[in-house]
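Student: Got a structure here, written out as structure tokens. Questions coming.
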Amino acid sequence: MFTRQELVRYSRQILLPELKLEGQLKLKEASALVIGAGGLGSPALYYLAAAGVGRIGILDFDLVDESNLHRQILFVSGDVGSPKTTKAKERLADLNPHVKIETHPCVLNADNAMEIISKYDVIIDGSDNLPTRYLVNDACVLLQKTLIYGAIFQFEGQVSVFNQLLEDGSRGPNYRDLFAEPPPPEMVPSCSVGGVLGVLPGIIGSMQANETIKVLAGIGKTLSGRLMIFDSLDFTTRFLKLKANPDNPVSGINPTIHALIDYEAFCNPAYASGERVVKEISATEVKRLLEGGTKIQIIDVREPFEYEMINIGGLNIPLSIIEKKAGQIEKETTVVVLCKSGQRSAQAIRQLQQYHGFNNLLNMKGGLLKWREEVDGELGI
């Protein structure tokens, strides 16, 4: 059942009258998948491994970046440039050799989500984009898995437990009961766009781990049916009550979603309809155009301090003032718009197309991160 080393390691938890040896055994026999080894996933993974959850999956496609280190506590400076799943597994194995760590170094999508998620008891969503959140929610509902939700932006965080199996045999509310329809993509910026206080994902990710442990061990009252909103700037907490919506398309009385859909199209109607499509160009192609002498204009929409740290030339017009400075952008030549990852530049292009009639803008796909990968491996971003 437990080795002597395990009993010593978990002794302070086993002493808890709500947990005891039986609860610790439930944790050992359980499994959890953490989607995203970033700001939320890092603390969640640390505490799940430390608590003795027997099998833990890590899903992340990205590499460790220096700008991650102020909040993604699984990683250290020497990890920069390495796959997050590889380094996370190494660190968790050092923390607790008694748990099994599995890695999924891939992008979660409609083709692989059902197979991966089906292998775990509880799913922890540490993603930072709407398509993935809806994808994970729908997969969990279809597979009858409990989903531990967390989200952060600047100084505010949210936590809830979705689709939990209740005592009466029904399932608790899910993400679509909270947000039936997605807001415009530009209304949900990621940390790379809006920024985040480094300690906040540590707080929210730890809360996600706390809810996961309660679900797996069958103890306490979870956040099922409640959304906790935490403001770290003034240290206030609010709770919103959630109810199942009978018109929920994936879990309502007459559900219309019986299989995973195209979530990029669902979360971005313009993408689905072909209206104001953001055309893309690869970093390699941008390099070829520059070397070939083709006349192009480069617009870097990052903040000035980011531009000063590293850039590949071009005109620096931050996203926050892009519309005010639209007159500085050429309309008769090819314009390549870029940022760190491609998200802010895509948003800038949408705004310029919609409000200023531009039709000559190309988004450098993957931003400077792709430039480093495809063109210049020494770029220190």
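Student: Looking only at the stretch 140-156, count how many residues are over 16 Å from N248 (Cβ atoms), touching a Ser or Thr at 6+ places or on another chain (Cβ under 7 Å) and buried (at least 21 other Cβ atoms within 10 Å of the Cβ).
Tutor: Count: 1.
Student: Among the residues of the stretch 160-177, are any under 29 Å from A348 (Cα atoms), more than 16 Å from the chain's Cα centre (by Cα) and buried (at least 20 other Cβ atoms within 10 Å of the Cβ)?
Tutor: The answer is yes, given that some residue of the stretch 160-177 is under 29 Å from A348 (Cα atoms), more than 16 Å from the chain's Cα centre (by Cα) and buried (at least 20 other Cβ atoms within 10 Å of the Cβ).
Student: Just to be sure I understand, how many residues within the stretch 339-381 are β-branched (V, I, T), surrounded by fewer than 20 Cβ atoms within 10 Å (Cβ to Cβ) and modelled with pLDDT of 90 or more?
Tutor: 1
Student: Moving on to the next point. Under the condition of being β-branched (V, I, T) and surrounded by 24 or more Cβ atoms within 10 Å (Cβ to Cβ), which residue from the stretch 1-55 is farthest from L200 (Cα to Cα)?
Tutor: V53
Each row is one residue, and each column tells you yes or no for (1) at negative phi; (2) at pLDDT 95 or above; (3) of a type outside the set (F, W, Y).
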{"site": "V107", "(1), (2), (3)": "yes, no, yes"}
{"site": "N112", "(1), (2), (3)": "yes, yes, yes"}
{"site": "Y120", "(1), (2), (3)": "yes, yes, no"}
{"site": "I124", "(1), (2), (3)": "yes, yes, yes"}
{"site": "L130", "(1), (2), (3)": "yes, no, yes"}
{"site": "L142", "(1), (2), (3)": "yes, yes, yes"}
{"site": "T146", "(1), (2), (3)": "yes, yes, yes"}
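Student: Taking the options E280, E306, name whichever one is touching a strand residue (DSSP E or B) at 6+ places or on another chain (Cβ under 6 Å), within 30 Å of F358 (Cβ to Cβ) and acidic (D, E).
Tutor: E280
Student: List pairs: first in the stretch 334-359 and under 24 Å from V64 (Cα atoms), second among the aromatic types (F, W, Y) and modelled with pLDDT of 90 or more, Cβ under 9 Å, 6+ apart or cross-chain?
Tutor: Here the result reads L338/W371, each pair linking the stretch 334-359 to a residue that is among the aromatic types (F, W, Y) and modelled with pLDDT of 90 or more.
Student: In this structure, is A37 among the aliphatic types (A, V, I, L, M), in contact with a helix residue (DSSP H, G or I) (Cβ under 8 Å, 6 or more places away or on another chain) and assigned to a helix (DSSP H, G or I)?
Tutor: No; evaluated as a whole, the condition is false for this residue.
Student: Continuing with the same structure: Kindly provide the set of residues from the stretch 211-228 that are closer than 15 Å to F162 by Cα and in contact (Cβ under 8 Å) with a residue 12 or more places away in the chain, ordered by number.
Tutor: If the condition is that a residue be closer than 15 Å to F162 by Cα and in contact (Cβ under 8 Å) with a residue 12 or more places away in the chain, then E211, T212, I213, V215, L216, T222, L223, S224, G225, R226, L227, M228 are the ones that fit.
The values are calculated or read from the model by the stated rules, or taken from the named source; none is laboratory data. Here the structure is a predicted model, which means the values were calculated and not measured. Cβ: placed from backbone, ideal geometry, glycine included. Neighbour counts: every protein chain shown.
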